[in-house]
Amino acid sequence: MKKLSIFLLLLLTVTSYANETGFLFFGDAGTGNKDQYRVAKSMTKFCENSTCDFVALLGDNFYPSGVSSVNDAQWKTAFELPYKDLGLIFYAALGNHDYKGNIEAQINYSKKSKIWKMPSSYYSFSKGDADFFVIDTNHFNKTQREWLEAEIENSTASWKIVYGHHPVYSYGSHGNSDELEEELLPIIEGNVDFYLSGHDHTKQVIEKKSSDITFIVSGAAGQTEPKKRSRTAIYNSSSLGFAHFLITKSKAILKIMDAKGDVDYSQTFTTK
């Protein structure tokens, strides 16, 4: 009987871990500088003791002007080399700096790389108990809005997560996006759990009384900028770092790390 109890406990433990999905998310990383490499090294160390299945890359993947082709040297210096030890697939969004270069090259690199995924400028994918909707906030046109609305409506996942480069709300230097507040917010309000973004080189967690969505900015994986004071940001930091979510059917655990990989902020969410 004792052996059976131990077996059942082990089985439940294995099942629990099998139902977890963990992912890193960050943007504005593609500087190729020492700060990017330093934060990337901390990510690798963090994932040695945490569930990390993939990366949600939030745009401005290459500075200052994107890439010119699939053979651009920056693929090596600002992507392959800094993250070579991480061993994860990157599901990438496009940022405004990426649009200064050849965005088709970033899409086409998906055919060349085993770890870079960008099948289109906007797309969706599923992992565990979550559905992810990657949007192109640089050109959030009617076609994309209709696509996103239909994708979210058809989703039956426990967690629905939208991410793109530009934030809806932010207390960084760029501030809020009037366009996304007008065009994106009506689609996702009441329908998704989290909106992840970069653009401002800070780390923020914002909750509005008028919204049931948690807005998270994670744009400090390669450089930083001063933050602005806010009463509605429950976390606001201008230090280097990255973020991580651990998703189960009933819980989502957010951790935001500093440049060393130490937890700077943590919050647990439960399904509504």
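Derivation of every value follows stated rules applied to the coordinates shown; laboratory data play no part. No experiment lies behind these values; they were computed from the predicted model shown. All Cβ positions, glycine included, derive from the backbone under ideal geometry; neighbour counts span all protein chains shown.
Which ones in the stretch 95-114 are over 12 Å from SER65 (Cα atoms) and of a type in the set (A, V, I, L, M)? Even if it seems obvious, please write down each step before you answer.
We begin by selecting, within the stretch 95-114, every residue over 12 Å from SER65 (Cα atoms); these are 104-114.
Residues satisfying the conditions are ALA105, ILE107.
Rundown of residues vs (1) without any contact (Cβ under 8 Å) to a residue 40 or more places away in the chain; (2) in a strand (DSSP E or B); (3) touching a Ser or Thr at 6+ places or on another chain (Cβ under 9 Å); (4) buried (at least 18 other Cβ atoms within 10 Å of the Cβ), yes/no style:
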site	(1), (2), (3), (4)
PHE132	no, yes, yes, yes
THR143	yes, no, no, no
GLU146	yes, no, no, no
ALA150	yes, no, no, no
GLU153	yes, no, no, no
THR156	yes, no, no, no
LYS160	yes, yes, no, yes
HIS165	no, no, yes, yes
SER170	no, no, yes, yes
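Restricting the search to the stretch 30-59, which residues are more than 12 Å from the chain's Cα centre (by Cα) and crowded, with 23+ Cβ neighbours inside 10 Å?
Residues of the stretch 30-59 more than 12 Å from the chain's Cα centre (by Cα): 30-53.
Listed by number, the residues that qualify are GLY30, GLN36, VAL39, MET43.
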Give the stretch 191-227 a look and list any residue that's aliphatic (A, V, I, L, M) and assigned to a strand (DSSP E or B), or say none. LEU196, VAL205, ILE206, ILE216, VAL217
Does the stretch 221-229 contain at least one residue that is aliphatic (A, V, I, L, M), touching a strand residue (DSSP E or B) at 6+ places or on another chain (Cβ under 8 Å), more than 19 Å from ASN96 (Cα to Cα) and crowded, with 18+ Cβ neighbours inside 10 Å? no
Could you tell me whether any residue of the stretch 181-194 is touching a helix residue (DSSP H, G or I) at 6+ places or on another chain (Cβ under 9 Å), within 16 Å of ALA93 (Cβ to Cβ) and among the acidic types (Asp, Glu)? no
